[in-house]
Protein chains: 2
Amino acid sequence: MCTTCGCGSTETVNHQHTSKENATDTADLRLVQLEKDVLGKNKRYAAKNRQYLQQHEIFALNIISSPGSGKTSLLTATIDALKDQLDINVIEGDQSSQLDAERIRNSGAKAIQINTGKGCHLDAHQVGHAIEDLNPADKGVLFIENVGNLVCPAPFDLGEAYKVVMLSVTEGEDKPLKYPDIFYAADLMIINKTDLLPYVDFNMDKCVEYAKQINPNLIIIELSATKGDGLSEWVQWIKAQLTLKAV
Amino acid sequence: MCTTCGCGSTETVNHQHTSKENATDTADLRLVQLEKDVLGKNKRYAAKNRQYLQQHEIFALNIISSPGSGKTSLLTATIDALKDQLDINVIEGDQSSQLDAERIRNSGAKAIQINTGKGCHLDAHQVGHAIEDLNPADKGVLFIENVGNLVCPAPFDLGEAYKVVMLSVTEGEDKPLKYPDIFYAADLMIINKTDLLPYVDFNMDKCVEYAKQINPNLIIIELSATKGDGLSEWVQWIKAQLTLKAV
């Protein structure tokens, strides 16, 4: 047993663990404590965001996917469908660039871009300040487009009503098994780019089966954000949530 | 100026920063120190891995992309093309599942799967132990397929000769601007799934321009791992590196 990393290897052909390196075990323990600190701090900010959003009857969705799965395309299509009926605000997360916020503004919604720099996900503190800056109207919708990443956003509550995980058919049906945390944390799964199904090797039944293995309660909507197929189901789902909230 | 997060907001409509929360500034400072500790520890393991690989004349590539860009498909096609000429070993990284290592073994190469659990990238320590377990033959090739993530693997040297970043045409041409760190850290960029170009809105010239803005020295190869177009250029590039090493 390797005591530094806890793995089962009895060989140390490639490297020896020196006493100096073992000292970093303390750093590992501190890292665990810091993860707890960071998540605890995030949880407090998320609670404040949620309280604010609930008080103002703003329906917030935290949308999470790999880079390039089509989050921004889905949002511009959704804004087109709903902007005459609802106040829509968008918080965009990326490591760098203002590209997505510009696309959203061109679609007719208010948007603010958060550049995370080295960061791999949005946190509730960033989102709280973005809400302040957006100052969304009551009874509207707030979309939070997270940094493209299927791993890191999973444990970070932003104060949203629901987490939405998106997967496109070009990515393969096995992603729920390979990145289970986010499929477990999400309430709704969107399978995007269905217009490309004739050109890729993607088994829809298997994808749904794998996702349900991880999270039996996951709601699943198949659509093409760019072509519009299935989009009405997503829009109806949003409207239904707003109605439920109003009851 | 918000002193807790350092942002420019003068409003605290959504939340107040209490003295208790300011205490977590200390945690933030510790986090920066711990990042340095973790990267420093990783660097030492990476140096050992590199020394071992160089001594045994094993050419190692660290392949990084979003989930579903086609890393494993590229590897199975590459193994098909090279397995009769070279000893090929593969280290597979995923949060969960053994799916990719099984696909690689079915292609005729040796493979070991590292499941990172909550982790969002491979580190040099994990890779060092995987090399021990694989015990690759001298003068071969080692592919390291990182966890699908364009953010977190960027600063982690694994001891590889080169980092290879992969982007598929279904993901959009703007990714180098939105996730610059990995395009800056990489030596070679593969633009995959060129067979889908007729069906998606992807500007190849813009993609190359954006990538070169971030990293003017980036070598770029366009290919379709599943259809084979452009694959020979990638295979020839690998062979050329082996020849250069042997000089």
Expected output for segment B:165-203, residues with a loss of 40 Å² or more in accessible area relative to the chain alone at probe 1.4 Å, reads B:170, B:177, B:178, B:179, B:181, B:196, B:199
Too long for a 18 Å Cα-Cα cut-off, among A:178/A:206; A:139/A:245; B:41/B:175; A:36/B:118; B:193/B:227; B:110/B:139, are B:41/B:175
In square angstrom to the nearest 100, the accessible surface buried at the A/B interface, both sides summed with a 1.4 Å probe, amounts to 5600
Expressed as a whole number, the average count of other chain Cβ atoms within 10 Å around the Cβ atoms of A:94-102 is 4
Label points for residue B:245 built 7 Å along Cα→Cβ; distances to same position in the other copies, nm, shortest first, come to 5.6
Of every hundred units of 1.4 Å-probe accessible area on the protein assembly as shown, the number belonging to carbon and sulfur atoms, as a percent, is 50
The size of the Cβ-based charge dipole (Lys, Arg +1; Asp, Glu -1) of segment B:77-138 about the Cα centre, to the nearest 20 debye, is 160
Helix A:71-82: inclination vs chain A longest Cα principal axis, degrees, rounded to 10, gives 20
Sorted shortest first, the nm distances from the residue B:138 label point (7 Å along Cα→Cβ) to its counterparts in the other copies are 7.8
Magnitude of the Cβ-charge dipole (Lys and Arg +1, Asp and Glu -1) of segment A:77-235 about the Cα centre, nearest 20 debye, reported as 120
Heavy-atom accessible area per residue of chain A, all protein chains kept, 1.4 Å probe, expressed in Å², is 41
If one compares the long axis through the Cα atoms of helix B:231-246 with the longest principal axis of the Cα atoms of chain B, the angle in degrees, nearest 10, works out at 90
Share (percent) of C-alpha pair distances in the protein assembly as shown greater than 28 Å works out to 54
One decimal, nm, nearest first: from residue A:84 to the same residue in each other copy, label points 7 Å out along Cα→Cβ, the values are 6.4
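The values are calculated or read from the model by the stated rules, or taken from the named source; none is laboratory data. If you're wondering where the values come from, they're calculated on a predicted model, not measured in any experiment. Cβ sites come from the backbone with ideal geometry, for glycine too, and all protein chains shown count toward neighbours. For the accessible areas, the whole protein counts, side chains as well, though only heavy atoms, and no ligand, DNA or RNA atoms are used. Shrake-Rupley method; radii C 1.70, N 1.55, O 1.52, S 1.80 Å.
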